[in-house]
Amino acid sequence: MPEDFVKRDEQFIREYDILMSNANSYELVGKVSLVQGVPEKATLGAFITMLRARDDVDPRFFFYQLRSTRVVKEIRSRASTTTNISNVSTGKLKDIPLWVAPLDQQKRIVAKIEELFSHIDAGIDALKKAKQLLKQYRQSVLKAAVTGELTKEWREANKDKLEPASQLLERILKERRQKWEEQQLEQFKDKGKMPKDDKWKEKYKEPVFEGHADLEVCEDWTYVSLDMIADAIDPNPSHRMPKYVEIGVPFISTDNFEGQDEIDFSKGKKVAKETYEDLIKKYYIEEGDFAFSRIGTIGKTRLLPTDREYCLSHSLSIIKIKFSEVYPNYLRQVMSSKDVLKQALHGVQSVGVPDLGMAKIRNFEIPFPTLKEQELISEIIGDKTDSMTRLENEFEHQFIKAEKNKRAILASAFSGGLI
């Protein structure tokens with residue numbers, strides 16, 4: 001912004017200023033940051049309070065004190081809290097009691113805190129690197145799965161017993177047409193106008209794989225479009241946002257996706273019972289159906305439960321398996337694979353928010369083995385995913401432990417126990 005917007009020189013940020021978030025969620029109000037280096041002139045944005053230590057004290061001594069559990073509780077106890085936001089005014093901060101020590105002791109305490117923190121931070125950095133490697137490993141498992149590498153030895157051991165996936169696909173396409181004809185005949189029957197000949201069968205549109213998949217798969221597999229083996233349904237084709245209510249039926253979007261496979265029904269938006277009943281007329285959830293995120297963060301999937309009431313945002317599509325020889329969990333895992341996703345995302349245009357249209361989803365390019373191999377791949381991925389999830393949970397436990405250790409160090413520092 002123009003520099004002359006700043007009316008007083010003291011409003012420019014200086015090195016060792018302490019910046020505090022004074023309007024945020026309850027868990028973040030009072031969060032502080034220490035300015036270490038100012039590469040260019042800067043001032044404060046909204047909802048930030050600047051704390052500037054006097055020249056005869058060490059600002060880091062007060063910065064660490066402001067991070068201590070005692071002072072954080074003091075700050076939050078003075079905050080005014082609404083539904084989502086807590087706000088603490090500058091005036092309410094002024095009489096929060098802080099410890100003061102002689103300047104040489106302040107510097108010694110700061111030096112000891114930073115020495116101990118450096119050991120903890122080194123451990124945190126190692127955990128973050130391990131977590132990133134685990135994320136890469138998760139994708140490498142999925143790539144091995146969708147190319148056939150994961151089950152290569154099993155295929156070799158059973159090569160005399162396996163039919164080519166192309167033969168399986170022929171049966172599926174035959175059944176697909178048969179189901180369409182049965183549905184058409186039911187519609188004719190409901191209208192009381194049965195056809196006189198078979199010309200109506202010519203209206204059937206045979207699905208064709210039109211993709212140009214560049215992901216190499218083993219020779220016993222084939223590629224299919226999603227439309228050949230499953231239905232992709234827009235749960236809210238009008239795309240009109242429903243009216244939200246405080247108490248009602250969960251309205252699920254990717255905001256409700258937790259962990260690797262969970263849906264958190266307790267948080268997020270809700271709609272009235274009448275809105276829910278109107279929306280679910282457009283679809284029904286069956287065992288094996290799953291949600292696929294298609295707007296914003298694309299490619300997250302979640303199995304959809306059948307034992308509770310909820311409705312879905314148009315940012316998700318419902319994937320419904322049509323045939324018994326397609327294993328639902330295999331299809332779900334394939335559609336979340338980074339290597340398969342990048343083919344679906346090719347040519348997706350968006351302004352601000354990526355949007356994978358329903359036509360793109362129906363043309364999704366799926367590597368397709370036989371049912372037995374689909375099941376085996378899904379089982380192996382599941383076992384490896386369980387192991388990775390346990391590791392991720394352990395990482396999170398260690399992150400929490402590191403933060404507790406820091407709080408313990410700060411508590412000791414400002415009770416005279418550190419030096």
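Just so you know, all these numbers are worked out from the coordinates, no wet-lab data involved. What you see is a predicted model, and the numbers here were worked out from it, not measured in a lab. Don't worry about glycine lacking a Cβ; one is built from the backbone with ideal geometry, like all the others, and counts go over all protein chains shown.
Structural remarks
- Taking each residue as 0.36 nm, the span from residue 400 to residue 10 lengthens on full extension beyond its C-alpha to C-alpha distance by 136.6 nm.
- Cα centroid of the range 84-144 to Cα centroid of the range 163-209, whole Å: 62
- Count of Lys pairs (Cα-Cα under 17 Å; at least 8 positions apart or interchain) in the range 223-319: 6
- Electrostatic tally near residue 157: other residues with Cβ closer than 14 Å to its Cβ, Lys and Arg +1, Asp and Glu -1, net 0.
- All-pairs alpha carbon distance profile, the range 288-371, 10 Å steps from 0, percent: 16, 51, 27, 6
- In terms of overall dimensions, the range 121-164 has a Cα radius of gyration and Dmax of 17.2, 56 angstrom.
- Rounded if a/c under 1.5, otherwise prolate or oblate - the range 1-145, Cα gyration tensor axes: prolate
- Structure-based [θ]222 nm, the chain - -39500 (n - 2.57) summed over DSSP H runs of at least 4, per residue, nearest 500: -13500 deg cm²/dmol
- With a Förster radius of 22 Å applied to the C-beta separation of residue 197 and residue 322, the computed FRET efficiency comes to 0.20.
- Contact order normalised by residue count of the range 65-121, Cα under 8 Å, 6+ apart, percent: 24
- Lysines whose Cα lies under 25 Å from that of residue 201, excluding same-chain neighbours fewer than 8 positions away: 174, 179, 189, 191, 193, 320, 322
- Per-residue extension of 0.36 nm, minus the Cα-Cα distance of residue 353 and residue 181, leaves a gain of 58.0 nm for this segment.
- Computed about the Cα centre, the dipole magnitude for the range 215-254 is approximately 520 debye when only Lys and Arg (+1) and Asp and Glu (-1) carry charge, each at its Cβ.
- For the chain, relative contact order (Cα pairs under 8 Å, six or more residues apart, normalised by length) works out to 17 percent.
- Qualifying GluC sites (Glu not before Pro) in the range 1-73, where qualification requires a DSSP coil assignment and no more than 10 other C-beta atoms within 10 Å, comprise 15, 27, 40.
- Most mobile of 338, 193, 107 in a GNM of the chain (Cα contacts under 10 Å): 193
- Debye equation applied to the C-alpha atoms of the range 267-419, log10 I(q)/I(0) at 0.11, 0.12, 0.21 Å⁻¹: -0.63, -0.71, -1.37
- Remark: the residue 56-residue 112 segment gains 18.2 nm on full extension, using 0.36 nm per residue and subtracting the alpha carbon distance.
- Cα-projected label distance for residue 343 with residue 140, points at 7 Å along beta-carbon direction, nm: 2.2
- Point-to-point label distance, residue 240-residue 266, nm (Cα→Cβ direction, 7 Å offset): 3.4
- Rounded FRET efficiency, nearest 0.05, which uses the C-beta distance separating residue 277 from residue 204 and R0 of 35 Å: 0.55
- Overall form of the range 89-215 per C-alpha gyration tensor (a/c, 1.5; a/b vs b/c): oblate
- Sparse packing (at most 14 other Cβ atoms within 10 Å of the Cβ) combined with a DSSP loop state is found for none of the chymotrypsin sites (Phe, Trp or Tyr not before Pro) in the range 99-194.
- Sites matching trypsin sites (Lys or Arg not before Pro) across the range 32-96 that sit in DSSP coil, with at most 15 neighbouring C-beta atoms within 10 Å: 41, 52, 54, 94
- Between residue 389 and residue 133, the simple label model (points 7 Å from Cα in the Cβ direction) yields a spacing of 2.3 nm.
- Note on residue 1/residue 84: beta-carbon distance plugged into 1/(1 + (r/R0)^6) with R0 of 35 Å gives a FRET efficiency of 0.80.
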